[in-house]
Amino acid sequence: MAKKPERRVNLRHKALTTVYLSIPGTGGRRCVARNVSSRGVFVETDTLDLMRGTQVELIFAVNLGQVTRIHRRPAEIAHVSTIGAGLHMTLTGSDSLY
């Protein structure tokens, strides 16, 4: 079987970090990010009942030693599998691709 061509635009980086997924009307969920790029992330969770196209907010808590910074990114569910979901992070006015 031929290997499918890579469709991703941005390089993925292996990750193992906790993220929180805020879903309108249902509150938040704790998830594990397995890989991250500048525009996407795959999150694992055992209680995922998301629909493709759902708008969510990703919340990253980044520990910088004595300070923890909270980063919030709007995202859209791009695909759902039995172990998690791929999310496409959307750009805000202050974000840049470069």
**Asked** Can you find even one residue in the range 75-96 that is part of a loop (DSSP other than H, G, I, E, B) and either basic (Lys, Arg) or at pLDDT 90 or above (or both)?
**Response** no
**Request:** Give the range 1-54 a look and list any residue that's at pLDDT 65 or above, closer than 15 Å to Thr90 by Cα and part of a loop (DSSP other than H, G, I, E, B), or say none.
**Result:** Ser37, Ser38, Arg39, Arg52, Gly53, Thr54
**Asked** Which one is nearest to Met51 (Cα to Cα), of the residues in the range 62-73 that are touching a residue at least 12 places away in the same chain (Cβ under 8 Å) and exposed (fewer than 15 other Cβ atoms within 10 Å of the Cβ)?
**Response** Arg72
**Complete:** Note on the range 47-93: residues more than 11 Å from the chain's Cα centre (by Cα) and polar (S, T, N, Q) are Thr47, Thr54, Gln55, Asn63, Gln66, Thr68, Ser81, Thr82, Thr92
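The values are calculated or read from the model by the stated rules, or taken from the named source; none is laboratory data. Fair warning: this is a prediction, and the values are worked out from it, not measured in the lab. For neighbour counting, all protein chains shown are included, and Cβ atoms are generated from backbone atoms with ideal geometry for every residue, glycine included.
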